[in-house]
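Contents: one structure, followed by commentary.
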Amino acid sequence: MDIDIATHQSPPPTPYAHTLSMVVKSFKGRRNVEVHLFRCVWNEAAEASLPWETLLEGKCPGPGEAGRRVVMEAFTEAERDRIVDYLKAQYSTRLAAIRSVPLRFPVPARLCGLSEAEPGKTVGFIEFLKIPSYPLDIPLKGFYDLNRHPPIAED
């Protein structure tokens, strides 16, 4: 399994600055499916305490909107490391890769968060909180789009 953790060149302006994805070798009949992981619930007080004028580029939306979601769905460094450790321990034989890249600030104010995606026939979410063996206190979901990945068996 390939693990690639990129870091910030300088300290980020918020602790919520780390994105995370995993590549599942085989998932729902597709090969090497990239799943973008994100925080699906967050503390409103934590959101309200951030310096949105410096974190977002453009007009700052209200709580829980657009670009704010992108930041709040990201992970702290400690959360990122705990999730990576969990994925390595639980899914090491099923994952081809785990990747983390830092958010670039300022985030465009109108950029949509992953939680805004609508599930459909080929687009969906993995809800880690519904997995009985999920041990973390991080409200974690994974977004995938099966159309972006080749089928395991061609017809």
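Tally the residues that are of a type in the set (S, T, N, Q) and surrounded by 13 or more Cβ atoms within 10 Å (Cβ to Cβ), restricting the search to segment 27-84. Don't jump to the end; show me each part of the working.
We begin by selecting, within segment 27-84, every residue of a type in the set (S, T, N, Q); these are 32, 43, 49, 54, 76.
Pick out the ones that are also surrounded by 13 or more Cβ atoms within 10 Å (Cβ to Cβ) and you get 32, 76.
Counting residues in segment 27-84 that are of a type in the set (S, T, N, Q) and surrounded by 13 or more Cβ atoms within 10 Å (Cβ to Cβ) gives 2.
For residues that are aromatic (F, W, Y) and part of a loop (DSSP other than H, G, I, E, B), tally how many sit in segment 96-131. Don't jump to the end; show me each part of the working.
First pass over segment 96-131, keeping only residues aromatic (F, W, Y): 105, 125, 128.
Restricting the remaining residues to those that are part of a loop (DSSP other than H, G, I, E, B) gives 105.
Matching residues across segment 96-131 total 1.
Out of T93, T14, T19, I need the residue that is buried (at least 16 other Cβ atoms within 10 Å of the Cβ), part of a loop (DSSP other than H, G, I, E, B) and not hydrophobic (A, V, I, L, M, F, W, C). Which one?
After applying the criteria, what remains is T14.
Here are some conditions: (1) part of a helix (DSSP H, G or I); (2) open to solvent by 20 Å² or more (accessible area, probe 1.4 Å); (3) at pLDDT 95 or above. Y134 meets all but one. Which one does it not meet?
Going through (1) part of a helix (DSSP H, G or I); (2) open to solvent by 20 Å² or more (accessible area, probe 1.4 Å); (3) at pLDDT 95 or above one by one, Y134 breaks only (1).
The values are calculated or read from the model by the stated rules, or taken from the named source; none is laboratory data. Since the model is a prediction, treat every value here as computed from it, not as a measurement. For neighbour counting, all protein chains shown are included, and Cβ atoms are generated from backbone atoms with ideal geometry for every residue, glycine included. Just the protein is used for accessible areas: all its heavy atoms, side chains included, with ligands, DNA and RNA removed. Shrake-Rupley method; radii C 1.70, N 1.55, O 1.52, S 1.80 Å.
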